[in-house]
Each structure stands twice: as structure tokens, then as C-alpha cells.
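*Asks:* This is the structure I have questions about; it appears just below.
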Amino acid sequence: MSSDFIFEKVYSADSSLLDVIFVHGLTGDAHETWSNGADDGFWPIWLKDDLEHLSVHTLGYPASLFEQWAKKEMDIFERAGNVLEHLAAKGIGERPIAFVTHSLGGILTKILIRKSNESGEEDYKKVSEATRLVIFLSTPHTGASLANALKVIPKTSKSIALLANETGFLDDLNYQYRTYANNRPDFVTKVYYEKHETKKIALVVTRESADPGVSGPQPTALDKDHLNICKPLDRDDIIYLGVKRHIGILLKDILINSPGGTYDLLRADYAQKSETDRRDLLQKLIDADREHEYIYANSAQNEFARSFAKTGLFTTAREDHETLLSEVETRFIAHVFHPLICKGAKDEDIRGALQNHIIDPISTKKLGNTKFTPRAILSALYFLTEQCHIKWDYAS
């Protein structure tokens, strides 16, 4: 259980486009809440292997069960203000945000969004404006049966009293959240709730309580209880697959709709040669002292060009090939051209970067419906060279 405030960066991609923030619930912890107990069971880090362009963080805060453990505990309103200050100080809000929340963490996140939206301070307001996705895992939006049961236990903490919804607080907060979410067409809410009783005693968050009433997909029931709904057993667990899918959808939207940004490459017409460097493949390789690669490179790029042409204009295969070209181009520029080629790096370092940052990571996953082989990825690289989208030397 978290005893202090923690805002921990799990990892950050070199080209982050989205901040994902995990927020635990009652008696939760910034790490243990999101771990199934296995050596590699901390699942926020799984996203690193499956999705590009993410920075992932976990938020930890005191959320104790009994008052005697929580004498110095902030109430949830104070805590939301405290979290907002930390996020602003860390620069959160400069790019889109996705929150993944469990139980009380969802309530804290809703208060945070409300405080941010109503704030007159620019850095605070950026947080709500940047939030594009909130995933609720068993968050009680209109009350919770366990909270009501705990009312009979003496010295219950302030957070439990709020979950019990004695004052109508949750109803008012949810009305504000529902209004805000429904008025933003770019804002997505996804809800999961449990169907198993916790410790065979109580169904903590029912479907009715889990539903915030936001327009869009209906809440999804899971064969989980309140405690293990946030602990997927493996990468095929429906919780992980669902969270990954919704973050992936948001990422794709960010990539496609970032006007003028680096990732406007998705809309590049790779069938046409770029105007930036009209040297052909042979000349580029000669200028980079790589003329010995030409015979293979030319054969490979022709092979990719034929395959690309066969995909047609408006097909899923076409989209997958264009995604591959975009990712190869982006990775080459970020990991090979600027840090190595532009600084006169040795050929062995360039080859290592090609393998480690382009071929290996792309070949281990699907792009859309297609899993490309290492040869296809290298062929795509030479195709981009022929089409004048990348170069191997630092010539102007």
C-alpha cells in the first residue's frame, strides 16, 4: 500500500506522443496494484513491447482503509489538487493523456479533471484539455456495495465515506464528468466491471454503479473480482488486450490527425518520390560509401515496390504497407540518421542500430493485420531510399 505520494515514470519512448497514467484505488500501490505477482507481472511495462510512442507513469498516493492509519491522509479533494500540482510541475498536459484507473483511482481522476477544467491556471487547465481517454476498472460512479457494508466498521477513513455516497457526492461528481465527456467529441471513456464477489462476500461494484452514463460503448463485464480486475494474468488476458486496444486506437488517431507534426508521415505518398533529395538509390549509396550494397539493395527495393503496387489503392494490405514504411522512416530518422549518420558514426554502429531499432522491434509485432519479415523490413528501407524519403549520408 502506498504510504507516500509517488509519480513514477515506468518508461518513456524516444518519440512519445501520449502519456499513459495508471491510478490505483483503495489500499492500492503504484506497483503492486498493477502486478499479478509473477516476475514479469507488472503489466504497464508490457505496453512497451506492444505499442510505440508512449510514456507510461504510475501514480501512488495514501489511500488507507482505517482512520488510525490515515491520520495525516488528505481528503480526496486535497489529494486531487496535490496530484494536479505534481502533474503540472512534470509537464504533463503538453501532449495527450490516457488514464487507466482502478476503483477509488477513477474517482480521484474525475475530481482531477474537474479541478483542472475549472482552474484559471494555464498549466493546470492543460491536464484536462490533454486528456483523451479514461479507462475505469470497477470504479463506483453512483455508490458501491462494499463501501456501504464498511459503514458499520468503526474508524473508516474519509475515502471510504465518499465511496459510500452518503452525501450525494458521487452523483454530483458523475454529473459533472458526464457533461464534460459528452461535450468533447475527442474524449473517450471505457468501463469494465466485475462479476465475481470479492472474497466470496460482496460484489463491490455492480454494473449500475460502474456505468458513468457517458455516451459511447456500454460497460464490459469481466469474470473478475474487485481486487484482481486490475491484475491481468498474461498478455492474452481480456483486461490487458482491452486496455492495449483502446490506447492503440487513440495513438492511431493522434498519429493521423497531428497536422504538420513529425508523424504526419502517415499521410505521405510513398508511391511518389520525395522532392527533398532526388538522387537515385545508386548515387545515395555511392555518396555514403555503400556502393557495395547496391545490387542487393536494388533487388530488395524492386521486390518491395512490386509487393506495394499489388496491394491496390484502398485496401487493408495497402494500409499495413504504408504503416510499415512510416514506422521504418520514423525509426531510421530518430535512431540512425540524426544520432549516427549525421555525427559520422562507424558503419558497425549504424548496422547495429538498424538491427536493434528498426528490424528487430518491427519484425516481432503485427502492423495492422500483417507481420513483416526482417527481409521485408530491410526491403522497405531500400524502397524509401529509392523514393527519396531517406538518405544514408549527410549531404545537403
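Where a number appears in this text, it was derived from the coordinates with a stated rule and is not lab data. Only a predicted model underlies this, so the values are computations on that prediction, with no experimental measurement involved. Note that we place each Cβ from the backbone using ideal geometry, even for glycine, and neighbour counts take in every protein chain shown.
*Asks:* Just grab the label-to-label distance for ALA38 and GLU78, each label 7 Å out from Cα along the Cβ direction, in nm (one decimal).
*Replies:* Inter-label distance under the simple model: 4.1 nm.
*Asks:* At 7 Å along Cα-to-Cβ for each site, give me the label-to-label distance between ALA309 and THR364 in nm.
*Replies:* 3.6 nm
*Asks:* As an exercise, take the mean of 1/r over every pair of distinct alpha carbons in the range 266-386, invert it, and state the Kirkwood radius in angstroms. Walk me through the intermediate numbers first.
*Replies:* Values: mean 1/r = 0.0674 Å⁻¹.
With all distinct Cα pairs of the range 266-386 included, I get 14.8 Å.
*Asks:* Using Cβ counts within 10 Å as a stand-in for footprinting exposure, how do PHE169, PHE136, PHE99 rank, fewest first?
*Replies:* Details: PHE169 17, PHE136 28, PHE99 23.
Ranked by crowding around the Cβ, least crowded first: PHE169, PHE99, PHE136.
*Asks:* If I take R0 = 51 Å and measure r between the Cβ atoms of GLN355 and PHE5 in this structure, what FRET efficiency does the formula 1/(1 + (r/R0)^6) give, to the nearest 0.05?
*Replies:* Numbers: r = 41 Å, r/R0 = 0.81.
Result of the calculation: an efficiency of 0.80.
*Asks:* Also, I was wondering about something else. In which sequence would LEU47, LEU54 go, from the one with the fewest C-beta neighbours within 10 Å to the one with the most?
*Replies:* Numbers: LEU47 20, LEU54 23.
Ascending number of Cβ neighbours within 10 Å: LEU47, LEU54.
*Asks:* Mind jotting down the distance between the C-alpha centroids of the range 1-50 and the range 304-349, whole Å?
*Replies:* 31 Å
*Asks:* Output the peptides 182-189, 353-360 sorted from most to least packed, where packing is the average of other Cβ atoms within 10 Å over each peptide's residues. Working shown, then result.
*Replies:* Numbers: 182-189: 13.6, 353-360: 17.4.
Taking the mean over residues of other Cβ atoms within 10 Å, the ranking is 353-360, 182-189.
*Asks:* How large is log10 of I(q)/I(0) for the range 347-396 at q = 0.16, 0.19 Å⁻¹ when the intensity is taken from the Debye formula with one equal scatterer per alpha-carbon?
*Replies:* -0.52, -0.70
*Asks:* Say R0 is 51 Å: what FRET efficiency, to the nearest 0.05, do ASN182 and CYS342 get from their beta-carbon distance? Before the final figure, lay out the partial values.
*Replies:* On the way: r = 48 Å, r/R0 = 0.94.
So, using R0 = 51 Å, E works out to roughly 0.60.
*Asks:* Here's a follow-up. Sort the range 287-355 into rounded, prolate or oblate with this rule: let a ≥ b ≥ c be the square roots of the eigenvalues of the Cα gyration tensor; rounded if a/c is under 1.5, and if a/c is not under 1.5, prolate when a/b is larger than b/c, oblate otherwise. Kindly include the intermediate steps, with their values, before the conclusion.
*Replies:* Working: a/c = 3.46, a/b = 1.66, b/c = 2.08.
The shape class here is oblate.
*Asks:* Continuing with the same structure: Could you order peptides 114-121, 83-90 by the average number of other Cβ atoms within 10 Å of their residues, highest first? Write down the numbers at each step before the final one.
*Replies:* Details: 114-121: 15.2, 83-90: 17.9.
Descending packing order for the listed peptides: 83-90, 114-121.
*Asks:* I've got another one for you. Label points 7 Å out from Cα along the Cβ direction at ARG290 and ALA317: separation in nm?
*Replies:* Those two pseudo-labels are separated by 2.8 nm.
*Asks:* Evaluate the relative contact order of the range 266-386 (contact order divided by residue number), counting alpha-carbon pairs under 8 angstrom at least 6 apart; express in whole percent.
*Replies:* Working: 95 pairs, mean separation 46.6, N = 121.
With pairs under 8 Å counted, the relative contact order is 39 percent.
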